Amino acid sequence: MIVYIVMLLISIIFIFLASKLTKKWQKVICYILASLPFFLVSAFRYGVGTDYGKRYMYSYDVLGKGENRNLNLEPGYIILAKLCLLISTEYYTIFIVTSAIIVGFFMLTIFTKSKNPLLSVIIFLLGGFFFDSLNIMRQYLAMSLVVFGYRFLLGKKRYWILYVMCVLLATSLHSTAIIMLVLLFFPKKMLSSYLWVLPSVVAVLLLNENLFTILAMVIEDTRFAQYLTGQFAQGEVSFLFIGENLVFYLFMYYIYRKNKKTGNISSEDILYLNVQACALLAMCAGTCHMLFIRIALYFSVFQVISVPYYISKMPAKEIVEDIKKITFKKLDLSKFEKYFQKAMTVLVVLCFIFAFTRTNILVNTNEVVPYRTIFNKELKIY
């Protein structure tokens, strides 16, 4: 993990420096330097990620020979790979280009939309999203486009057609991205009341076998039919990720209700809460089939932006009063109000560290350790 820890620390240093600078061009340089470690680690890796060799090296080699046999690749990715082949037939070319796209779009979104870029970058790594991108690369190409494009749904002038174009382009890279057209309905109306979300969570967890039957009927004639048999034809009960998404949903819903009473609500509040509800429901549906977990990623990756946003919208005074009502009624907690957001930020980071330890250190999800580079394939860094 030493490579990833150093990568994160270097990025944090440049983001911190950017926060202290006043000139825009200086900030831009720092943000580029903060993104560079993520790009370099991703672009020049070798054998890192479960699908690195058996999927992406193999498909690039097949396409380089002018073949396209049983690859089950979307046309957009095939075009991208063929453009890379014009540059070089060396397999690492595709990893360099895709890393530039994925890291570029995610970091651009973080540095232009996040209320706390430092926290967002930490979540991007500790939330496992960066590690996922080293494995399910095509899906993260699609996700990076969706995350970049959601900005067109916000503000007074919503350029929804531009968002649709981003989703369609993403779908050409990974067909599951088409589901993100639902975001068109998310910024205007809060659709995720706990009155139906929480009962739905319980229902999904109880009826997972019946959901699998419905899913089988939907995908049996598609390329995803391969997920109906074999090792992927099963669900995965991940109480860690279900619990994580439930906590974030309840946290966001609580802040949303508090701010709604004072009229401090914008389209971001509504969109992020609706997205988080979908992440929770899709992750629960993952107990019936792993394909739902892949779908959940499209929604849960928005935590990189939504969690810092909702922390920034915390009405500290009202929250302190709520705490006093149920705990220390006679204590004066007003002096802690100004530290409330910082305390919540630390708590969030600790939660992500716990999840990171359970999934990427103890289990080595996505097979990202040991780290090797194309420059020295024999050197393994743990």
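The values are calculated or read from the model by the stated rules, or taken from the named source; none is laboratory data. Model, not experiment: these values are computed from the prediction. Here the Cβ is made from the backbone with ideal geometry for all residues, glycine too, and neighbour counts use every protein chain on show.
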Select from segment 327-352 the residues that are modelled with pLDDT under 70 and in a helix (DSSP H, G or I) and write down the one among them that is surrounded by the most Cβ atoms within 10 Å (Cβ to Cβ).
Glu337
Does Ala34 satisfy being touching a residue at least 12 places away in the same chain (Cβ under 8 Å), in contact with a Leu (Cβ under 8 Å, 6 or more places away or on another chain) and farther than 21 Å from Val369 by Cα?
no
Considering segment 30-64 alone, what residues qualify as being of a type outside the set (Phe, Trp, Tyr) and either modelled with pLDDT of 95 or more or under 15 Å from Ala100 (Cβ atoms) (or both)?
Cys30, Ile32, Leu33, Ala34, Ser35, Leu36, Pro37, Leu40, Val41, Ser42, Ala43, Arg45
Wholly within segment 159-230, which helices (runs of 4 or more DSSP H) include no fewer than the required count, namely at least 2 residues that are surrounded by 15 or more Cβ atoms within 10 Å (Cβ to Cβ) and at pLDDT 65 or above?
160-173, 194-206
Within the bounds of segment 44-55, is there any residue that is aliphatic (A, V, I, L, M), in a helix (DSSP H, G or I) and crowded, with 17+ Cβ neighbours inside 10 Å?
no
Filtering segment 61-81 for residues that are under 19 Å from Tyr140 (Cα atoms) and either surrounded by fewer than 16 Cβ atoms within 10 Å (Cβ to Cβ) or hydrophobic (A, V, I, L, M, F, W, C) (or both) leaves a count of 8
